[in-house]
Amino acid sequence: MVGASESHPDIHWPSGFSPDQAHRFCQAQGIVQAPPRGVFTPLTDVPRWPEWVPGVTEVRAGPLARTFTVWVHGQRFELYLGEHVPDSRLGWSAIGAGVQMYQAWLLTPVAAGTHVVTENVVRGPLARSLEALSPQWTQRLNSLWLARLKRLAENPPPDAGT
């Protein structure tokens, strides 16, 4: 398991959400055989998240272009886009009942396609409770996100336009 000290140095953490301030930190990374644009596009197509993001069942656009309401396993989260650098980096905070998190994505072009790093910090009483019940829950979720993103980016649907 990756510890907070192993956070990628190019991840930009907002104030209060650094790995050393989290109740839970995790990282997943891998190579996606697609250009950065092909990886970035599904990450930013939030209305389509229920089609591929683990546990997301519904998404609604918020009053601002950078806000969304997302339901994950029946729990409501308010998402706020914190960082958006096309084809390179993305980050959002999410606030739900008893949990706050920040998820960052870093996309770097490599010869084989795109090196993808995603890291999460999670705080709050729910995070502590889940940690006690299932210490690997955030790592499994991050790894599943990355695996599904890899499959989608490497085999985009015909209407993806990437």
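Data overview
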quantity: Identity of the residue in the stretch 60-71, out of contact with any Leu (no Cβ under 9 Å at 6 or more places or on another chain) and touching a residue at least 12 places away in the same chain (Cβ under 8 Å), that ends up least open to solvent (accessible area, probe 1.4 Å); calculated: 71
quantity: Strands (runs of 3 or more DSSP E) contained entirely in the stretch 1-93, each with at least 2 residues that are closer than 22 Å to residue 148 by Cβ and of a type in the set (S, T, N, Q); calculated: 24-32
quantity: Single residue of the stretch 137-162 satisfying the filter (in contact with a strand residue (DSSP E or B) (Cβ under 6 Å, 6 or more places away or on another chain) and modelled with pLDDT of 85 or more) that is surrounded by the most Cβ atoms within 10 Å (Cβ to Cβ); calculated: 153
quantity: Flag for residue 96 being in contact (Cβ under 8 Å) with a residue 24 or more places away in the chain, under 20 Å from residue 149 (Cα atoms), under 16 Å from the mean Cα position of the chain (by Cα) and open to solvent by less than 60 Å² (accessible area, probe 1.4 Å); calculated: no
quantity: Check on residue 107, at pLDDT 90 or above, over 24 Å from residue 140 (Cβ atoms) and within 13 Å of the chain's Cα centre (by Cα); calculated: no
quantity: The lone exception for residue 28 - which of (1) open to solvent by 40 Å² or more (accessible area, probe 1.4 Å); (2) touching a residue at least 40 places away in the same chain (Cβ under 8 Å) it fails; calculated: (1)
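The values are calculated or read from the model by the stated rules, or taken from the named source; none is laboratory data. This one's a predicted model, so the numbers in the text were calculated from it and none came from an experiment. Counting neighbours? That spans all protein chains shown, and the Cβs are built from the backbone with ideal geometry, glycine included. Just the protein is used for accessible areas: all its heavy atoms, side chains included, with ligands, DNA and RNA removed. Shrake-Rupley method; radii C 1.70, N 1.55, O 1.52, S 1.80 Å.
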